[in-house]
Amino acid sequence: MSFTTITYEREAAIGTITLNRPGVMNAIDDTMANELYEVLSSIENDREVRAVILIGAGKAFMAGGDIALMQKLTTPEAKDWAMLVHKVFDKLYRLPQPTIAAVNGAAVGGGFELVMACDLRIAIPQARFAQPEINLGIIPGAGSTQRLPRLIGGPRAKALILLGETLTAEQALELGVINKVVAKEELVSEAKAMAEKIAAYPRLAAQCAKQAVNLSDRTDLDLGQRCEIDLYSYLYSTSDQKEGMLAFIEKRKPDFTHR
């Protein structure tokens, strides 16, 4: 695959997507949105990929939407734009493989929303997170009004969105928005270490775990628990379940085949 606004590399079982518009702080436009959807669709069907890292080129992760594009939109065009970005970010959120956001700088507007669509999130101390759309006369349009309250609660989400406030990396960590803060020079190696750890676990177990937790955002407790039971029992049909339990009994390291 050849792209103009992103790059994609796969090393063994780990895929890395790099947002690659550093001249505009990796702001997302329609080309990037479509290219992200294309690469995510490819990854979705690649059984060799068991974990995915997202990172930005240059000094930013993503500085939101491309204002030069957005400023010209009519109301119908704005709806189409929001639907496109939602489609892409939902694709990332529902990707079977666990995803890791390696936040190497500013993640504001759509960039913050992209981070929240990932499963695990690590950031450098200089990273910043914000939903500044109110300053532009709009609201977040790629999921933040729904995902942010689920992460930090309604009152705190309203404060960030209504006041346009910025979170430091440490504040984001305290609120549970990100999982870890690491030194800038350690970001890539830490993201790869996390991805390698996930990739070493049984592929289907990791994917079922992600699916089960994601369901908690969209279902009530009773339905979520029934889905958990279905996913749990399904894994007993896999080779890795048999190998994992046998290895535990035999007191040896399991040899997973990801089947």
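Observations
- Residues of region 56-91 that turn out to be surrounded by fewer than 21 Cβ atoms within 10 Å (Cβ to Cβ), over 23 Å from ILE134 (Cβ atoms) and of a type outside the set (D, E, K, R), as a count: 2
- Those helices (runs of 4 or more DSSP H) lying entirely in region 1-113 with at least 2 residues of a type in the set (Gly, Ala, Ser): 30-44, 75-93
- Cβ-Cβ under 9 Å pairs, at least 6 apart or on other chains, region 203-215 side within 20 Å of ARG47 (Cβ to Cβ), far side among the β-branched types (Val, Ile, Thr) and in a helix (DSSP H, G or I): ALA206/ILE198
- Number of residues in region 192-217 that are assigned to a loop (DSSP other than H, G, I, E, B) and within 17 Å of the chain's Cα centre (by Cα) equals 2.
- Remark: VAL177 matches the filter, which requires a residue to be within 21 Å of GLY64 (Cα to Cα), surrounded by 17 or more Cβ atoms within 10 Å (Cβ to Cβ) and among the aliphatic types (A, V, I, L, M).
- Scanning region 126-174 for residues that are closer than 24 Å to MET70 by Cα, aliphatic (A, V, I, L, M) and in a loop (DSSP other than H, G, I, E, B) gives ILE138, ILE139, ALA142.
- Of all residue pairs spaced 6 or more apart or on separate chains, those with beta-carbon atoms under 6 Å, a first member in region 234-259 that is charged (D, E, K, R) and a second member that is modelled with pLDDT of 95 or more and in a helix (DSSP H, G or I) are ARG259/SER239.
The values are calculated or read from the model by the stated rules, or taken from the named source; none is laboratory data. None of these values were measured; they are calculated from a predicted model. Glycine also receives a Cβ, built like all others from the backbone with ideal geometry; neighbour counts cover every protein chain displayed.
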